[in-house]
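Below is one structure, written out as structure tokens; comments come after it.
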Amino acid sequence: MKWASRTVPVIAAAVAGLAARDVLQRDRALLRNFPLVGRARYLLEAIGPELRQYIVAGNDEERPFTRDQRRWIYASAKQENNYFGFGTDNDIERSPGYPIIKHRTFARTVPSSVPTAGHDVRLPAAKVLGGARGRARAFRPASVVNISGMSFGSLSGNAVSALNQGAALAGCLQNTGEGGLSPYHRHGGELVFQLGTAYFGCRDARGRFDLARLRDLVAGAPVRALEIKLSQGAKPSLGGLLPGAKVSAEIAATRGIEPGRDCVSPSRHAEFSDCDSLLDWVELLAAETGLPVGIKSAVGDLGFWEELTTLMRDTGRGVDFVTVDGGEGGTGAAPLIFTDSVSLPFQQGFARVYRTFAERGLHEQTVFVGAGKLGLPDNAVVAFALGCDLVNVGREAMLAIGCIQAQKCHTDTCPTGVATQNAWLARGLDPARKSVRAANYIGTLRRDLVKVAEACGVEHPGLIDTDAVEILDGRTSARPLRKVYGYRPQWGLPSAADRAEIARLMAGEAPEGGSAPPSATAQGRAEPGGPARH
């Protein structure tokens, strides 16, 4: 009875969603029972959906990621069955704002009937990054799905290693985050180097930006682009603080700061103070490194975007890409008021930014990147229809390598070793094994995007237009996405030349195929006895 009185609370805590390892840390006397408790946790996880269905919560009630969403990510990462049975349990007709993707009966593409179709699709971008402005090191991103900026310091070294190795396996890009380029970023994955307000990794002893150090850094690592971070969706206009107790020798070396001292990120950049000087700095970085240069920002006051695009149109200077981060995006730590109420959610913010560029004729010259819960196929399809060329995945990639949505990122006690600098917790995350899961998840997301594109009658998700998606107003009405966000015809699509080129590239990536040759009496399909398309 004494054993039961101590063990039952642990099992109850596991049912409530707490990791058993967390509970065991609080009560060392239970370590002798860990094998039993650990097995109980996995048993409860296996039967959890049934228990929650009748006792705790529905599949779509949890936030920020619902149980269905997490289940899809976990199963995709493990290459398990990620299908769902019996039909949707979403209350579609009574959910205003619900997106519906409109399939086509007849179109120029014929989706393959092979069950494994799309599993190995690389899915390159429809635009060349830096191509419109003639950057010396312009390139076409090999994957429309890439890993968002998450710094070493916010994530453990093992987590960063797993994501970088996963990026290499999946053939996608990994954003370093503003915390600098660490040894954990050097496992084969190609990088986007993020320049935050503290210029970590390319600063001098006084914290000032050092161009020579930036040149040396990008010359010695597989950096494909530079991203100037203006703000983040979950905490716009805030700086950051890493307490001195967390500033290890590794973090200090990566960031170019002193170990053991508080690490402060300012709320504003020192290298520019308005749109004009920002564009001057963009052109300087591009000229000195040859790399495409872009900005990352949440969306608030549109005055900034109007001034920026007007200057780009009138002066010829400009950014090569724009990453729009939605207010529903993630962060390691932020005040509740900022995560809940500051900056627009992705769809509204992105649509306003895209319209601002399009009204000035700049939308076909700029690569648009979306972030903020876009690692789920339905959200990503809407993002592509609105004009995204690439999507970045952050928390979804964390889930793929083991995150359980414990929401303890700010406490340094992440039970799965993802968002912590605690060596005891981080050692449980095996980069070699988890990197495969990250790559599996990214590959599955790309596969689903290709399948939906084909259902819409096009070869690539970037070719899905705003008329292919409708937004429900309720049970009796819906409006095309174009009308919801005030888009003109052809907005949201690449240029005609880019559309033709990506269709040509996808002809080799995702071959078409029917299930059988047409019969002799087939109407308008092929000559009798002609070959079927495979």
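The values are calculated or read from the model by the stated rules, or taken from the named source; none is laboratory data. In this text the structure is predicted, and so the values were computed from the model without any measurement. Note that each Cβ is placed from the backbone with ideal geometry, even for glycine, and that neighbours are counted across all protein chains shown. For accessibility, only protein heavy atoms count, side chains too; no ligands or nucleic acids. Shrake-Rupley method; radii C 1.70, N 1.55, O 1.52, S 1.80 Å.
Quick notes on this one:
- Residue match in the range 113-135 (condition: farther than 22 Å from VAL369 by Cα, in contact with a Gly (Cβ under 9 Å, 6 or more places away or on another chain) and either outside any loop (DSSP other than H, G, I, E, B) or among the β-branched types (Val, Ile, Thr) (or both)): yes
- Filtered by the rule that a residue be in contact with a Leu (Cβ under 8 Å, 6 or more places away or on another chain), among the small types (Gly, Ala, Ser) and modelled with pLDDT of 95 or more, the range 79-135 gives ALA125, ALA126, GLY130.
- Only listed residue being in contact (Cβ under 8 Å) with a residue 24 or more places away in the chain and open to solvent by 40 Å² or more (accessible area, probe 1.4 Å), chosen from ARG206, ARG186, ARG140, ARG135: ARG186
- Whichever residue in the range 264-291 is crowded, with 22+ Cβ neighbours inside 10 Å and touching a helix residue (DSSP H, G or I) at 6+ places or on another chain (Cβ under 7 Å) and, among such residues, is nearest to GLY134 (Cα to Cα): LEU291
- Residue list for the range 301-347, restricted to those being part of a loop (DSSP other than H, G, I, E, B), within 29 Å of GLN407 (Cα to Cα) and either open to solvent by less than 10 Å² (accessible area, probe 1.4 Å) or of a type in the set (Gly, Ala, Ser) (or both): GLY326, GLY327, GLY329, GLY330, GLY332, ALA333, ALA334, SER343
- Matching entry among GLN194, GLN165, GLN174 (being in contact with a Ser or Thr (Cβ under 8 Å, 6 or more places away or on another chain), assigned to a strand (DSSP E or B) and modelled with pLDDT of 95 or more): GLN194
- Every condition in (1) of a type in the set (Val, Ile, Thr); (2) within 22 Å of the chain's Cα centre (by Cα); (3) closer than 24 Å to HIS363 by Cα; (4) open to solvent by 40 Å² or more (accessible area, probe 1.4 Å) holds for VAL484 except the one numbered (2).
- Evaluated against (1) touching a residue at least 12 places away in the same chain (Cβ under 8 Å); (2) surrounded by 15 or more Cβ atoms within 10 Å (Cβ to Cβ); (3) in contact with a Phe, Trp or Tyr (Cβ under 8 Å, 6 or more places away or on another chain); (4) on the phi < 0 side of the Ramachandran plot, GLY256 falls short on exactly one condition, (4).
For (1) more than 19 Å from GLY180 (Cα to Cα); (2) outside any strand (DSSP E or B); (3) of a type in the set (Gly, Ala, Ser), each residue gets a yes or a no:
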| position | (1), (2), (3) |
| --- | --- |
| ILE257 | no, yes, no |
| ARG261 | no, yes, no |
| HIS269 | no, yes, no |
| PHE272 | yes, yes, no |
| LEU279 | yes, yes, no |
| GLU283 | yes, yes, no |
| LEU291 | no, yes, no |
| ILE295 | no, no, no |
| VAL299 | yes, yes, no |
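- In the set (1) in a loop (DSSP other than H, G, I, E, B); (2) open to solvent by 10 Å² or more (accessible area, probe 1.4 Å), the condition left unmet by GLY457 is number (2).
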